[in-house]
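These notes concern the structure reproduced below.
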Amino acid sequence: MNRPGTVVEVGRSTPPVLVHNGDSVVLQRFPVGTRVVYPPDPITGLRDPDGAIRRALLNPLDSEPLPALLHAGMRLTIAVDDISLPLPPMRWPDVRSRVLEAVLDMAADAGVEDVEIIIATSLHRRMTAAEVLHAMGRRVFDAFWPDRLYNFDAEDPEALVELGTTDEDEVVEISKRAATSDLLVYVNINLVAMDGGHKSVAVGLAPYRSLRHHHNVHTLRHTRSLMDPPRSALHRSCTRMGRLLETQVKVFKIETTLNNDTFPAALGFLNRRESEWTVKDRAMARVVARATASMPPAQARAVFQRTRAPYALTGVFAGATEPVHARALESLYRQQAVPVRGQSDVLSVGIPYVGPYNVNSIMNPVLVYCMGLGYFFNLYRGMPLVRRGGVLIMTHPCREEFHPVHHPSYIDFYEQVLSETRDPERIEVEYEERFASDAWYRQLYRRSHAYHGVHPFYMWYWGAHALEHLGDVVVVGGDRGVCERLGFRAASTLDDALEMATQTVGQHPSVTHLHCPPLFVCDVEAGGFEAGAP
């Protein structure tokens, strides 16, 4: 029986709660009355993933079956999500390799020879050969890499084409190969509700010239939750752009959903509620907490980054973009939705070792900011878990540490921009264009494995809604100098952080802690703070 997510009130005899702390974990006691939101148990995966994929391709939504769209002499392009999901990376075989092999088998049966596979990186870093091999599988890698399986290049003007502008004057520009194909097949993983839909093509295969229309301060401030697409200005923009491009490009969408079985057996205690830990679980939790806390950060990070999640496929949907995405969201919310009643004065989150933009890399301070204010704050539908003017408490060491290959523009953003201002609007006006057009950043993006020069700006804007909503942000264990640069306050312990929070929200605040990962999204309803209430 797969249990739904729950809201559990901390009592006097409640065991310590496990909190992620970057490259380590800590066992933390919360005040009596704190409500801890736990994710649902993993739902059972599909018994025959390959059969389910094939059935979806043969019985699509609002589309002819995929074989009917394939014929000899055609130009077929397949686009696929990049390394930014799932998190942690999936144990082999990755669902992308399963879907790719099914599509390619049907293409081969139809006599299609002109096939290229584009990794939809947008302005993310290029995936390495080893990362591509793991995600796409040996069969696809050996047959296509690197000439016909490659990373999208948003800075190659010869590889882009403009398709027009929307009614809101949004320029729609995407990969020329994709746009000039007889069919574009997009293979997607919906890790969270923000993924998929028109966002896949309109963002994944688009350059800065198009992304700036929705990855900006105004749009993100008016995105009331990134996990609630109907209330997201970003998603409305992507939908306008996607609908326009689909008037000129034939798109066959394939979206998949996974359960939240995030950690393998050796770290299985991370998937379970502390009250249900066995003696072995409790011992293992203490061993991992002590060991990772005593290791050098790079060593602890390497231990966690070797983790491969045993996710199971829970849904696969193919056909026209909008009905496919609607079905994928239903499947995703079936796994992730947790009902919660009422907002709290304080929201506590532990920031884990990995996010979308530091896979096999380092969670630098700007990414910590983005994870807390951009992602964890947004894990809701309806209304935020923390009230307006409330306090967000994050647990993370927040070190001044950057990956020099992956995040060169982040280093300069942190040193040059944040030393002058933290105001998103001023940053956008005074600095964005210079970083976006810088020749050196563009070269590192194209020839090395660096995120685009403008990428740290987007991470800062990602927190724009939270910045307007919150009264304060406190980081437990954070480096004081780094926290000051980010506009946060640092606290040595959770007790200190809660005492600091009272200066903003008053004495005896209500507290909610998100026990995440595994991932989930809170359906927050209006009402009083009632711990344990659905």
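Within region 256-271, residues that are part of a loop (DSSP other than H, G, I, E, B) have Cβ atoms under 9 Å from residues that are of a type in the set (K, R) in these pairs: P264/R91; P264/R308, counting only partners at least 6 apart in sequence or on another chain. Looking at region 37-153, the helices (runs of 4 or more DSSP H) lying wholly inside it that each contain 1 or more residues that are farther than 20 Å from L313 by Cα and out of contact with any strand residue (DSSP E or B) (no Cβ under 9 Å at 6 or more places or on another chain) sit at 66-69, 95-109, 129-136, 138-144. Taken as a whole, the condition of being crowded, with 22+ Cβ neighbours inside 10 Å, of a type outside the set (V, I, T), touching a residue at least 24 places away in the same chain (Cβ under 8 Å) and farther than 26 Å from Q343 by Cα applies to D23. Annotation note: Cβ proximity below 9 Å between a residue of region 422-443 that is loosely packed, with under 14 Cβ neighbours inside 10 Å and a residue that is part of a helix (DSSP H, G or I) and among the aliphatic types (A, V, I, L, M) (sequence gap 6+ or interchain) occurs for E430/V417. There is no residue in region 489-503 that is hydroxyl-bearing (S, T, Y), under 30 Å from R212 (Cβ atoms) and in contact with a Gly (Cβ under 9 Å, 6 or more places away or on another chain).
Any residue in region 398-411 that is closer than 28 Å to H508 by Cβ and basic (K, R)? No, every residue in region 398-411 fails to be closer than 28 Å to H508 by Cβ and basic (K, R). Would you check if D81 is modelled with pLDDT of 95 or more, within 30 Å of I351 (Cβ to Cβ) and not assigned by TED's automatic domain parsing to the domain that holds M394? For D81, the condition - modelled with pLDDT of 95 or more, within 30 Å of I351 (Cβ to Cβ) and not assigned by TED's automatic domain parsing to the domain that holds M394 - is met.
The residue pairs whose first member lies in region 196-215 and is touching a residue at least 24 places away in the same chain (Cβ under 8 Å), whose second member is of a type in the set (F, W, Y), and whose beta carbons are closer than 7 Å, counting only pairs six or more residues apart or on different chains, are S200/Y186; V201/Y186; L205/F152; H215/Y458; H215/Y461. Restricting attention to region 478-487, does a residue exist that is closer than 24 Å to L27 by Cβ and either outside any helix (DSSP H, G or I) or modelled with pLDDT under 95 (or both)? Yes; the residues of region 478-487 include at least one that is closer than 24 Å to L27 by Cβ and either outside any helix (DSSP H, G or I) or modelled with pLDDT under 95 (or both).
For T307, indicate whether it is over 30 Å from R240 (Cβ atoms), at pLDDT below 95, buried (at least 17 other Cβ atoms within 10 Å of the Cβ) and over 24 Å from the mean Cα position of the chain (by Cα). In short, no.
Pairs meeting the criteria (first residue in region 220-231 and within 10 Å of A464 (Cα to Cα), second residue among the basic types (K, R), beta carbons under 8 Å, at least 6 apart or on different chains) are T223/R231. Candidates in region 189-239 are the residues that are of a type in the set (V, I, T) and part of a loop (DSSP other than H, G, I, E, B); of these, the one that is surrounded by the fewest Cβ atoms within 10 Å (Cβ to Cβ) is V192.
Is it fair to say H449 is touching a Lys or Arg at 6+ places or on another chain (Cβ under 6 Å), closer than 30 Å to D153 by Cβ, surrounded by 16 or more Cβ atoms within 10 Å (Cβ to Cβ) and of a type outside the set (V, I, T)? It is true that H449 is touching a Lys or Arg at 6+ places or on another chain (Cβ under 6 Å), closer than 30 Å to D153 by Cβ, surrounded by 16 or more Cβ atoms within 10 Å (Cβ to Cβ) and of a type outside the set (V, I, T). When residues in region 5-32 are screened for being out of contact with any strand residue (DSSP E or B) (no Cβ under 7 Å at 6 or more places or on another chain) and within 27 Å of Y333 (Cα to Cα), 1 of them pass. Only one entry of G372, G355, G315, G389 meets the criterion of being surrounded by fewer than 24 Cβ atoms within 10 Å (Cβ to Cβ), in contact (Cβ under 8 Å) with a residue 24 or more places away in the chain and not in a strand (DSSP E or B), and that entry is G355. When the criteria are applied in full, C516 meets the requirement of being part of a loop (DSSP other than H, G, I, E, B) and within 28 Å of L332 (Cα to Cα).
The values are calculated or read from the model by the stated rules, or taken from the named source; none is laboratory data. Worth saying up front: this structure is predicted, and the values here are computed from it rather than measured. In this analysis, Cβ positions are derived from the backbone assuming ideal geometry, glycine residues included, and neighbour counts consider all displayed protein chains.
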